[in-house]
Structure formats: structure tokens, C-alpha cells
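Right, one structure below, let's go through it.
Computed from the coordinates by the stated procedures, all read-outs in this text should not be read as laboratory data. Every value quoted in this text rests on a predicted model; they were computed, and no experiment measured them. Don't worry about glycine lacking a Cβ; one is built from the backbone with ideal geometry, like all the others, and counts go over all protein chains shown.
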Amino acid sequence: MGDNYAFRESVDARDPASVGRIAGAAGNFRDDEIAVAVELVRERLRKGDESGYHFWFADAPDGTLAGYVCYGPTPCTLGSFDLYWIVVDNPRRGRGLGGALMARAEEAARAMGCRRMYVETSGTDRYQGARRFYRGGGYSEAAVLADFYAEGDDKVIFLKKL
């Protein structure tokens, strides 16, 4: 990872707009999905730890958001966590930042009692890169729910035992 990023867990007032910007630029997410990503950041700002959403942010040297990950305990489980979002700004993809964010999230989740981290994504061609990323990070395909998001758009659930 050639760039020098400043990693932080704290959420600040500029993060909702920054998350919206990089999620919107990613090219895979619909407007309603981007709105959810932004809302999770706002929920964390409002409720803190009680929100159940935890973050790692990577700020570029110029202060702009380069990438982030959102994760948290899965409600009504003991030791299961969800990785809700991981997004790296397009010009910074493919240089290890996503893996660095994932590793920080997994380490923090493990410290909070996580035994298993789950992540779900689409089965469409647009998400081939995401599925390859998860497999490369040690995640295995745990389930496929056919036509979950829409006709012809399966939900693919990945799992990593921590």
C-alpha cells in the first residue's frame, strides 16, 4: 500500500457526505443503497456504540476519505458479526487499502468477541470483484439465496471464522 493513510475509528460530522461520495462513485450501488450507507454513519454519530455500527476510516494525506469499513455484532446472536460495508475510493482500488481496512475490522471485532464474520453481496457480474476480494481475504461462500435482491440477482453470503 503505497499511500500513507491515517486510520481512525472515530466518526465525525464530515463522514456521512464522504461516505456518500465514495459509495456513489463506486458504480455498483443504487441510490437507495448509498442512502443506507450514509444512514449507518449518521446512526453512529447519533447513538455512538449503542448503534451497533463500528467503523474504520482511512483518510488520504489530503484529508479526503480514501475508504471505510462498517461492521458490527449481528443482533440476537452470540459472537456473530456482519461486515455491512467496505468501500475504497475508485482511484485507490487494487493497492491493498481494502485488505488493510478488512484486517482492522476483523481484529476489532475479534476483540469484541466475534467468532464468525459474515458478509453478503450480490451474485451479479457487477459484483465479481467484490466476491473475489472476499475469497482473497479468507472468506468462504456459506450460502446462496436465489433471486434474493431481484429476479436473477442472488444474495451470496460469505463467512470467515475468526
*Within region 44-80, track down each residue that is assigned to a helix (DSSP H, G or I), surrounded by 12 or more Cβ atoms within 10 Å (Cβ to Cβ) and out of contact with any Lys or Arg (no Cβ under 9 Å at 6 or more places or on another chain).*
R44, L45
*Could you give every pair whose Cβ atoms fall below 7 Å, whose first residue belongs to region 8-22 and is under 14 Å from V69 (Cβ atoms), and whose second residue is of a type in the set (F, W, Y) and surrounded by 17 or more Cβ atoms within 10 Å (Cβ to Cβ), counting only separations of at least 6 or pairs across chains?*
R8/F57; E9/F55; E9/W56; V11/F55; D15/F57; V19/Y68
*asked:* When the residues of region 1-43 are narrowed to those that are of a type in the set (K, R) and farther than 18 Å from R104 by Cα, which ends up surrounded by the fewest Cβ atoms within 10 Å (Cβ to Cβ)?
replied: R30
_From the options G99, G27, residue that is at positive phi and in contact with a helix residue (DSSP H, G or I) (Cβ under 9 Å, 6 or more places away or on another chain)_ = G27
*Name the residues in region 1-43 that are small (G, A, S) and part of a helix (DSSP H, G or I), would you?*
A17, S18, G20, A23, G24, A25, A26, A35, A37
*asked:* I want to confirm something. Restricting to region 88-111 and keeping residues that are touching a residue at least 40 places away in the same chain (Cβ under 8 Å) and more than 14 Å from the chain's Cα centre (by Cα), which single residue is farthest from G129 (Cα to Cα)?
replied: R110
*Starting from residues that are among the charged types (D, E, K, R) and under 24 Å from G52 (Cβ atoms), keep the ones in region 113-162 and report whichever is surrounded by the most Cβ atoms within 10 Å (Cβ to Cβ).*
K160
